[in-house]
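Peer 1: Structure incoming, see below.
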Amino acid sequence: MNQRTAAKLRDDILNRLGGRSIVLIGLMGAGKTTVGRRIAQRLELPFADADHEIEKAAGKTIPEIFEDHGEEHFRDGERRVIARLLESGQQVIATGGGAYMNQQTRDKISETAVSVWLRADFDLLMKRVRRRSHRPLLQTADPEAVMRKLIDERYPVYGEADIVVDSRDVPHNAIVKDVIEALRRAEQTRS
Ligand code: S3P
């Protein structure tokens, strides 16, 4: 794509967004952070990773927050941090896998942003999360069972997202392209 076409695509998408942010949702390993960062670059918007912001606000890593205060405390911080991000101007936000399960967060996202679910199947998610061990929910004897349970519980709710893109086992840039194309075709502001 030449520079002029890229600039026009960006303008078209920004027009459609009408100031709304883009929020990436999906399970651990779906690629939300990598894909989100690249979409932000393409659209020349700021990028925020909600997990990282929670860690900054707490002065602790996510495993430490779980360990010291429990999951409920983490969820509370997550809800507040995402609300703050959604109130601080148009940007691309990658959320942690559990964030969209909170009704208040879902409502706020649907008021102020376009939600994009990076849907991935079990095998791909397991392949990706096996490489890293920083996720407290998967520090159990049977991470596969946890992942299956999360798919069952969360996918019906993630299905409320405005846009669904299949995250496949291909380089992240292919998924970035699919998201950009879906945003270009997406409905104008709903309100
Ligand atoms: C979680 C996902 C993690 C992180 C926390 C809990 C979840 O984020 O927020 O470990 O409940 O699915 P990623 O989806 O970015 O790994």
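Peer 1: Go through the residues of the range 151-161 one by one and say whether even a single one is open to solvent by 20 Å² or more (accessible area, probe 1.4 Å), of a type in the set (F, W, Y) and part of a helix (DSSP H, G or I).
Peer 2: yes
Peer 1: Could you tell me whether any residue of the range 127-142 is assigned to a helix (DSSP H, G or I), charged (D, E, K, R) and within 26 Å of A182 (Cβ to Cβ)?
Peer 2: First, the residues of the range 127-142 that are assigned to a helix (DSSP H, G or I): 127-130, 136-138.
Subset that is charged (D, E, K, R): 127-128, 130.
Right, trim to within 26 Å of A182 (Cβ to Cβ) and you get 127-128.
Checked against the condition, which is being assigned to a helix (DSSP H, G or I), charged (D, E, K, R) and within 26 Å of A182 (Cβ to Cβ), the range 127-142 yields at least one hit.
Peer 1: Taking the criterion of being open to solvent by 50 Å² or more (accessible area, probe 1.4 Å) and basic (K, R), would at least one residue in the range 12-19 satisfy it?
Peer 2: Yes: the range 12-19 contains one or more residues that are open to solvent by 50 Å² or more (accessible area, probe 1.4 Å) and basic (K, R).
Peer 1: For S133, only one of the following conditions fails: (1) surrounded by fewer than 20 Cβ atoms within 10 Å (Cβ to Cβ); (2) modelled with pLDDT of 95 or more; (3) within 14 Å of the ligand (Cβ to nearest atom); (4) not basic (K, R). What is its number?
Peer 2: Failing condition for S133: (2).
Peer 1: Between residues in the range 3-29 that are farther than 19 Å from T112 by Cβ and residues that are open to solvent by 50 Å² or more (accessible area, probe 1.4 Å) and within 16 Å of the ligand (Cβ to nearest atom), which pairs lie under 6 Å by C-beta distance while being six or more apart or on different chains?
Peer 2: Every condition considered, the pairs that remain are M28/R135.
Peer 1: Say whether the condition of being near the ligand (Cβ under 10 Å from one of its atoms) and hydroxyl-bearing (S, T, Y) is met by at least one residue in the range 86-93. First the steps, then the outcome.
Peer 2: Residues of the range 86-93 near the ligand (Cβ under 10 Å from one of its atoms): none.
No: the range 86-93 contains no residue that is near the ligand (Cβ under 10 Å from one of its atoms) and hydroxyl-bearing (S, T, Y).
Peer 1: Inspect all residues belonging to the range 101-119 and state whether any of them is more than 21 Å from L43 (Cα to Cα), open to solvent by less than 10 Å² (accessible area, probe 1.4 Å) and within 11 Å of the ligand (Cβ to nearest atom).
Peer 2: Within the range 101-119, none of the residues are more than 21 Å from L43 (Cα to Cα), open to solvent by less than 10 Å² (accessible area, probe 1.4 Å) and within 11 Å of the ligand (Cβ to nearest atom).
Peer 1: For the range 40-60, does any single residue satisfy the condition of being in contact with a Leu (Cβ under 6 Å, 6 or more places away or on another chain), more than 10 Å from the ligand (Cβ to nearest atom) and either of a type in the set (G, A, S) or open to solvent by 60 Å² or more (accessible area, probe 1.4 Å) (or both)?
Peer 2: At the first step, the residues of the range 40-60 found to be in contact with a Leu (Cβ under 6 Å, 6 or more places away or on another chain) are 48.
Narrowing the set further to residues that are more than 10 Å from the ligand (Cβ to nearest atom) leaves 48.
Keeping just the survivors that are either of a type in the set (G, A, S) or open to solvent by 60 Å² or more (accessible area, probe 1.4 Å) (or both) gives 48.
Scanning the range 40-60, I find at least one residue that is in contact with a Leu (Cβ under 6 Å, 6 or more places away or on another chain), more than 10 Å from the ligand (Cβ to nearest atom) and either of a type in the set (G, A, S) or open to solvent by 60 Å² or more (accessible area, probe 1.4 Å) (or both), so the answer is yes.
Peer 1: Say we look at the range 19-29 and pick out the residues that are assigned to a loop (DSSP other than H, G, I, E, B) and more than 16 Å from the ligand (Cβ to nearest atom); which of these is nearest to E160 (Cα to Cα)? Talk me through it step by step, then tell me what you get.
Peer 2: Filtering the range 19-29 for residues assigned to a loop (DSSP other than H, G, I, E, B) gives 19-20, 26-29.
In the following step, the residues that additionally are more than 16 Å from the ligand (Cβ to nearest atom) were identified as 19-20.
Numbers: G19: 21, R20: 17 Å.
By that ranking, first place goes to R20.
The values are calculated or read from the model by the stated rules, or taken from the named source; none is laboratory data. Owing to the predicted nature of the structure, the values given are computational and were not obtained by experimental measurement. Neighbour counts are summed over all protein chains in view; Cβ atoms, including those assigned to glycine, are modelled from backbone coordinates with ideal geometry. The area values use the complete protein model at the heavy-atom level, side chains included, leaving out ligands, DNA and RNA. Shrake-Rupley method; radii C 1.70, N 1.55, O 1.52, S 1.80 Å.
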